[in-house]
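Here's the structure we're looking at; comments come further down.
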Amino acid sequence: MNFVRHILKNKGDKVCSIAPGDTAYKALQLLAEKNFGSLLVIDQKGKIVGIFTERDYARKVILKGKSSKTTPVSELMTKKVLFVDPGTSVEDCMALMIDKCVRHLPVMENKKLVGIVTVGDVVKQHIVDQKFKIEELERYLHEEC
């Protein structure tokens, strides 16, 4: 069984953030520049107060007729942020993402942000795990014969 710590070991701990008062336009520029799908929203005290995703933008700006250049991220972000820790299993991450319809999970260890995992990271690791199990079963079957 693999855990979030294995994903972070492979992908690293890089996380991008933005301030609540920054505009949606600035957030979109940062997302495009970094090729990320989400930004953590961190206040002046260093506290995570939300997460801003491409989905937030699509549903809360364009569809509501707001302006990207004037609307602050704080009006658009998802305020309830779900977290996992490095010891969370890949299967538990996948279940949480499916159950809560989220694609990004910040990883906290001892109240410190240590990375973020995405649904793509989790699916990729799940495929690697399944491939390993299949190879082990095939090896076992060939040894038995």
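The values are calculated or read from the model by the stated rules, or taken from the named source; none is laboratory data. Quick caveat, the model's predicted, so the values are computed rather than measured. Reconstructed Cβ throughout: ideal geometry from the backbone, glycine too, with neighbour counts over all protein chains shown.
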**Message:** One residue is enough: does the range 64-84 have a residue meeting the conditions under 19 Å from residue 6 (Cβ atoms) and not small (Gly, Ala, Ser)?
**Reply:** yes
**Message:** Among the numbered criteria (1) within 28 Å of residue 110 (Cα to Cα); (2) at pLDDT 95 or above; (3) β-branched (Val, Ile, Thr), which one does residue 71 miss?
**Reply:** (1)
**Asked** Could you say whether any residue in the range 106-124 is among the hydroxyl-bearing types (Ser, Thr, Tyr) and without any contact (Cβ under 8 Å) to a residue 40 or more places away in the chain?
**Response** no
